[in-house]
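The values are calculated or read from the model by the stated rules, or taken from the named source; none is laboratory data. All values derive from a computational prediction rather than experimental measurement. Here the Cβ is made from the backbone with ideal geometry for all residues, glycine too, and neighbour counts use every protein chain on show. Surface areas here come from the heavy atoms of the whole protein model, side chains and all, with no ligands, DNA or RNA. Shrake-Rupley method; radii C 1.70, N 1.55, O 1.52, S 1.80 Å.
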Amino acid sequence: MRLSRFFLPILRDDPKEAEIVSHRLMLRAGMIRQSSAGIYTWLPLGYRVLSKIEQIVREEQDRAGALELLMPTIQSADLWRESGRYDDYGKEMLRIQDRHERDMLYGPTNEELITAIFRDGVKSYKDLPRILYHIQWKFRDEIRPRFGVMRGREFLMKDSYSFDLTQDDARKSYNRMFVSYLRTFARMGLKSIPMAAETGPIGGDLSHEFIILAETGESEVYCHKDYLAMEPPGDDLDYEGDLAPLVRDWTGRYAATSEMHDAARFEADVAEADRVTARGIEVGHIFFFGTKYSEAMGAKVQGPEGDLITVEMGSYGIGVSRLVGAIIEASHDEAGIIWPQSVAPFDIGLINLKAGDADTDLACEDFYTRLQNAGFDVLYDDRDDRAGAKFAAMDLIGLPWQLIVGPKSLKAGEVELKERATGTRHSLTFDSALTMLSDAIAGRTKEGA
Ligand code: ATP
Ligand code: MG
């Protein structure tokens, strides 16, 4: 992509409305624009990141055996009357009437709709287990939308729903989602910590929030320091095997956010030298709720003995659009965003230091083509602008690599390759730069995949 033809409305000054760094940087880097409170347009740069995150989430859901479908944003109120939540949900639900004065709503979540889909489509225990998911916009009329996309009113969520015959089976589905979440966040360069959460009336230990650590996180986090060193499951993870030991390993130590924190237990369970207090952001929440919706809505299957059995359900959410902000909170410096390779809007920024100079233009065009032929996504800054402004813009938008090309270094047969995360610069031939990029980018993709 040529920057001269891209749409990148960068802001020079800090927008006043931004209270936290991710919101400020997303506005400044031309990723989003607010259209009304808590509702945003995703501009091309932001949309590329959102799509990459969405794709990682999708790949890991598919790998865990979940099946993608797409439910609508607008739902009929009738289903919510069946579950009893139409009246309970309160003001967070955006209620709409159509021209026939039928009550509709913009879905804040999809338990009712998916339960109805399941009820109509699955009749036998032989069709279980099933995990269905979609990645769809939600609307919650949050009392205080804030922090940009971190707490929006309209936001993109991945929500999965599991259906099982027994509670034992439901636990297996839960474990599948649990380990897939560890992988999902790790692929985005994030350290996630699962924390036991409130389970409501059902009780048990089957609800976890996934928190990623970031200095500016909304919640206070208390955990055992082992969590900082734990490695998420790799490519050899066998979803058909017994996942319970792995899950136990990840839930066996003290970890809590401020709402659930039990200072006495923390002090009893964790030696002082092992205690970590940090801040975090909730990026996912998984939940087993048994027959809450299936009972109310009559989602039953025929069991092995011919009797009708009410199915056991769980739901599993990931805040896809929140993750864009959360990743920035976890990865930035004074100059701007530092994208992990896997979610970066482009792999490489190619900077022409003297646009208009025939030799430099020619060399840049050649490099641009060759980088693209090598399979990289390149943003080529071909604009006629000051070098300083170009550097600042590239640092702000945070692409992992910058290839800097100017007449002086070209004379010496060299270019400059800068790694955004470390600031390290190498002067080298273009061919060596290409090798270095191939090693770094392919290497990291493999590690994450
Ligand atoms: P919170 O406590 O932050 O309000 P929640 O418990 O309401 O979250 P869930 O209903 O479990 O959230 O939704 C699943 C995920 O969707 C959350 O883990 C979070 O990442 C994301 N999410 C929830 N509300 C919002 C919002 N208003 N804006 C952006 N993402 C959100
Ligand atoms: Mg909420």
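Only a single criterion out of (1) open to solvent by less than 20 Å² (accessible area, probe 1.4 Å); (2) closer than 27 Å to SER180 by Cα; (3) more than 16 Å from ligand 2 (Cβ to nearest atom) is not satisfied by LEU67, namely (1). So which residues in the range 142-152 are more than 9 Å from ligand 1 (Cβ to nearest atom) and either charged (D, E, K, R) or open to solvent by 50 Å² or more (accessible area, probe 1.4 Å) (or both), if there are any at all? Those that are more than 9 Å from ligand 1 (Cβ to nearest atom) and either charged (D, E, K, R) or open to solvent by 50 Å² or more (accessible area, probe 1.4 Å) (or both): ILE143, ARG144, ARG146. Taking the criterion of being open to solvent by 20 Å² or more (accessible area, probe 1.4 Å), under 18 Å from the mean Cα position of the chain (by Cα) and touching a residue at least 24 places away in the same chain (Cβ under 8 Å), would at least one residue in the range 115-136 satisfy it? Yes - at least one qualifying residue is present in the range 115-136. Which is in contact (Cβ under 8 Å) with a residue 40 or more places away in the chain and acidic (Asp, Glu), of GLU305, GLU282? Exactly one residue qualifies, and that residue is GLU282. When PHE139, PHE155 are checked against the criterion of being assigned by the TED database to the domain that holds ARG81, touching a residue at least 24 places away in the same chain (Cβ under 8 Å), open to solvent by less than 20 Å² (accessible area, probe 1.4 Å) and within 12 Å of ligand 1 (Cβ to nearest atom), PHE139 stands alone in meeting it.
Within the range 402-416, not a single residue is assigned to a helix (DSSP H, G or I) and either in contact with a Phe, Trp or Tyr (Cβ under 7 Å, 6 or more places away or on another chain) or within 22 Å of LEU45 (Cα to Cα) (or both).
Determine whether the range 133-150 contains at least one residue that is over 25 Å from GLY217 (Cα atoms) and out of contact with any Cys (no Cβ under 6 Å at 6 or more places or on another chain). For the range 133-150, residues over 25 Å from GLY217 (Cα atoms) and out of contact with any Cys (no Cβ under 6 Å at 6 or more places or on another chain): present.
Filtering the range 125-140 to residues that are away from ligand 2 (no atom under 16 Å from the Cβ) and of a type in the set (D, E, K, R) leaves LYS126, ASP127, ARG130. Checking each residue in the range 85-104 for being assigned to a loop (DSSP other than H, G, I, E, B), at pLDDT 95 or above and surrounded by 14 or more Cβ atoms within 10 Å (Cβ to Cβ) picks out only MET93. Screening the range 110-136 for residues that are touching a Phe, Trp or Tyr at 6+ places or on another chain (Cβ under 9 Å) and part of a loop (DSSP other than H, G, I, E, B) and picking the one that is nearest to ligand 1 (Cβ to nearest atom) gives ASN110. Residue count for the range 39-84, restricted to those that are touching a Lys or Arg at 6+ places or on another chain (Cβ under 9 Å) and assigned to a loop (DSSP other than H, G, I, E, B): 5. The number of residues in the range 390-440 being open to solvent by 40 Å² or more (accessible area, probe 1.4 Å) and more than 18 Å from LEU353 (Cα to Cα) comes to 9.
Hey, any hits in the range 261-278 for a residue that's without any contact (Cβ under 8 Å) to a residue 60 or more places away in the chain, in the same structural domain as GLU19 (by the TED database) and under 23 Å from the mean Cα position of the chain (by Cα)?
Taking the range 261-278 and keeping what is without any contact (Cβ under 8 Å) to a residue 60 or more places away in the chain, we get 261-277.
Narrowing further to those that are in the same structural domain as GLU19 (by the TED database): 261-277.
With the extra rule that they be under 23 Å from the mean Cα position of the chain (by Cα), the set shrinks to none.
The answer is no; no qualifying residue exists.
Of the residues making up the range 282-308, those that are in a strand (DSSP E or B), within 16 Å of ligand 1 (Cβ to nearest atom) and not β-branched (Val, Ile, Thr) are GLU282, GLY284, HIS285, PHE287, PHE288, PHE289. Count of the range 137-151 residues, restricted to those that are among the charged types (D, E, K, R), assigned to a strand (DSSP E or B) and at pLDDT 95 or above, is 2. When the range 168-191 is filtered for residues that are open to solvent by less than 10 Å² (accessible area, probe 1.4 Å) and outside any helix (DSSP H, G or I), only MET188 remains.
Within the range 160-167, can one find any residue that is in a helix (DSSP H, G or I) and either within 14 Å of ligand 2 (Cβ to nearest atom) or more than 21 Å from the chain's Cα centre (by Cα) (or both)?
Residues of the range 160-167 that are in a helix (DSSP H, G or I), as a first pass: 167.
With the extra rule that they be either within 14 Å of ligand 2 (Cβ to nearest atom) or more than 21 Å from the chain's Cα centre (by Cα) (or both), the set shrinks to 167.
Yes - at least one qualifying residue is present in the range 160-167.
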